[in-house]
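Report on one structure; see the data block that follows.
Please treat every number below as a calculation from the coordinates, not as lab data. As the structure is a computational prediction, the values presented were derived from the model and not from experiment. Reconstructed Cβ throughout: ideal geometry from the backbone, glycine too, with neighbour counts over all protein chains shown.
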Amino acid sequence: MKKRVAIPIEGGVISSHFGHSKLFNIYTIENSLISKTDVLTPPPHEPGSVPRWLKSLNVDIVIAKGIGHKAIEILNNQGIEVNIGVNSNLPDDAIDEWIHGALKTGENLCDH
């Protein structure tokens with residue numbers, strides 16, 4: 001099965017604020033292996049712009065440290081699964097943990 005996973009990036013590490021991230025790693029996962037990684041620039045931050053953009057890229061899953069409640073709602077309504085409060089700092093570590101069913105999540109680091 002093929003899945004596309006988005007992780008917000010800031011300064012090479014997972015961003016603590018989804019909507020203000022300057023880059024996103026978009027991983028294509030096939031048969032539990034990374035088949036492709038794209039580093040893409042999201043549209044300017046406006047309510048709902050990043051979730052709509054991710055949907056247009058056929059993203060299935062978001063892995064984030066912090067994300068606003070409205071963005072979670074929009075993503076979920078589009079059928080995109082959201083993993084919040086990720087402990088990993090490096091996106092490649094987080095995607096590896098997700099692939100192996102060992103991704104640790106916790107408290108949403110965003111307060112809105």
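Shape call for region 56-110 from the C-alpha gyration tensor, a ≥ b ≥ c root eigenvalues: rounded (a/c under 1.5), prolate (a/b greater than b/c) or oblate?
The shape class here is oblate.
Is the shape of region 19-112 best called rounded, prolate or oblate, per the rule: a/c under 1.5 gives rounded, else a/b larger than b/c gives prolate, else oblate, with a ≥ b ≥ c the square roots of the Cα gyration tensor eigenvalues?
Here region 19-112 falls in the oblate category.
Can you give me the relative contact order of the chain as a percent, contacts being Cα pairs under 8 Å and 6 or more apart?
27 percent
Sorted by packing (mean other beta-carbon atoms within 10 Å per residue), highest first, where do 78-89, 34-45 land?
My ranking of the peptides, most packed first, is 78-89, 34-45.
Dipole of region 1-59 (Lys/Arg Cβ +1, Asp/Glu Cβ -1, origin at the Cα centre): which of S21, I9, I34 lies farthest to the positive side?
The Cα lying farthest towards the positive end belongs to I34.
Which pairs in the list K22/K104; K22/K55; K3/K36; K3/K104 are over 21 Å apart, alpha-carbon to alpha-carbon?
The pairs that break the limit, which is 21 Å between Cα atoms, are K22/K104.
Counting Lys and Arg as +1 and Asp and Glu as -1, each charge on the Cβ, what is the dipole of the chain about the Cα centre in debye, to the nearest 20?
I would put it at about 280 debye.
Please give the Cα centre distance for region 58-90 versus region 16-52, rounded to the nearest Å.
10 Å
Report the label-to-label distance for L33 and M1 in nanometres (one decimal), using points 7 Å from each Cα along the Cα→Cβ vector.
About 1.9 nm, to one decimal.
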